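I have placed the structure first, in the form of structure tokens, so that the comments after it can refer back to it.
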Amino acid sequence: MLHKMLKNQLVLAGVLASLVTGTLALSTKMAAADQFTTADEVRPILEATKGNWVALREYDGQDLLYFTHLLAWRCGLEGVRYSINGGVQQVFDAVPCYEGEAQPNAIKATDALPFLRFDLKSVNTVDVQLTYDDGQAVDVQFDRAGILMN
């Protein structure tokens, strides 16, 4: 839904800019931006949705830490690192973008699961570090209550 809203805003901005300047130069840029495969394209979305980067679920006697949102916007990222309860940073292995396909950010059924398993109620805080493909990094800390799904 957010993707559609942002896409519609980009289209509207392009149409307005074309009317003001009398050109259609932005239309080509917008068509290329539809893929969301660079840091410049995904950073605004990820910044606006920081609270959704990870989610925690208690299921089947375990804590499941989901990275689904980050996987959906992984193109434009060089890497995702995380740590649990202030521990050692780990690399979250995400499948690469499906460059050259209609939806390079797709999460396919054959991809690895979008979550990690931990002992039940053992995850109290999660630190996440994103490194964009332009080298910029951002760190965010989440507490259990803020990411726990009902």
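Among the residues of segment 81-110, what is the count of those that are within 18 Å of D63 (Cβ to Cβ) and open to solvent by less than 80 Å² (accessible area, probe 1.4 Å)? Let's see the steps before the verdict.
We begin by selecting, within segment 81-110, every residue within 18 Å of D63 (Cβ to Cβ); these are 82-88, 90, 92.
Cutting the leftovers down to open to solvent by less than 80 Å² (accessible area, probe 1.4 Å) gives us 82-87, 92.
Looking only at that region, the number is 7.
Can you pull out every residue in segment 111-129 that is under 19 Å from G146 (Cα atoms) and either open to solvent by 80 Å² or more (accessible area, probe 1.4 Å) or among the aliphatic types (A, V, I, L, M) (or both)?
L116, R117, D119, L120, K121, V123, N124, V126, V128
Report whether or not W73 is surrounded by 14 or more Cβ atoms within 10 Å (Cβ to Cβ) and free of Cβ contacts under 8 Å to residues at least 60 places away in the same chain.
The answer is yes for W73.
How many of the residues making up segment 103-139 are basic (K, R) and at pLDDT 95 or above?
We begin by selecting, within segment 103-139, every residue basic (K, R); these are 108, 117, 121.
Then keep just the ones that are at pLDDT 95 or above; that gives 117, 121.
Summing the residues that are basic (K, R) and at pLDDT 95 or above in segment 103-139 gives 2.
Would you pick out the residues in segment 106-128 that are free of Cβ contacts under 8 Å to residues at least 60 places away in the same chain and within 20 Å of D139 (Cβ to Cβ)?
L116, N124, T125, D127
Got at least one residue in segment 119-132 being farther than 18 Å from N52 by Cα, among the basic types (K, R) and touching a helix residue (DSSP H, G or I) at 6+ places or on another chain (Cβ under 9 Å)?
In the first step, residues of segment 119-132 are kept if they are farther than 18 Å from N52 by Cα; the result is 119-122.
If we keep only those that are among the basic types (K, R) as well, we get 121.
So of that shortlist, the ones also touching a helix residue (DSSP H, G or I) at 6+ places or on another chain (Cβ under 9 Å) come out as 121.
Yes, segment 119-132 contains at least one residue that is farther than 18 Å from N52 by Cα, among the basic types (K, R) and touching a helix residue (DSSP H, G or I) at 6+ places or on another chain (Cβ under 9 Å).
Scan segment 106-125 residue by residue and report those that are of a type in the set (A, V, I, L, M) and part of a loop (DSSP other than H, G, I, E, B).
Within segment 106-125, A106, I107, A109, A112, L113, L120, V123 meet the criteria.
Restricting to segment 106-136, name every residue that is in contact with a Phe, Trp or Tyr (Cβ under 6 Å, 6 or more places away or on another chain) and of a type in the set (K, R).
none
Report every pair of residues separated by at least 6 positions or lying on different chains whose Cβ atoms are under 6 Å apart, first residue within segment 44-65 and open to solvent by 10 Å² or more (accessible area, probe 1.4 Å), second in a helix (DSSP H, G or I).
Between residues of segment 44-65 that are open to solvent by 10 Å² or more (accessible area, probe 1.4 Å) and residues that are in a helix (DSSP H, G or I), the close pairs are N52/H69; A55/I147.
The values are calculated or read from the model by the stated rules, or taken from the named source; none is laboratory data. Here the structure is a predicted model, which means the values were calculated and not measured. Neighbour counts run over all protein chains shown; Cβ positions are idealised from the backbone, glycine included. These accessible areas exclude ligands, DNA and RNA; they are computed on the full protein's heavy atoms, side chains included. Shrake-Rupley method; radii C 1.70, N 1.55, O 1.52, S 1.80 Å.
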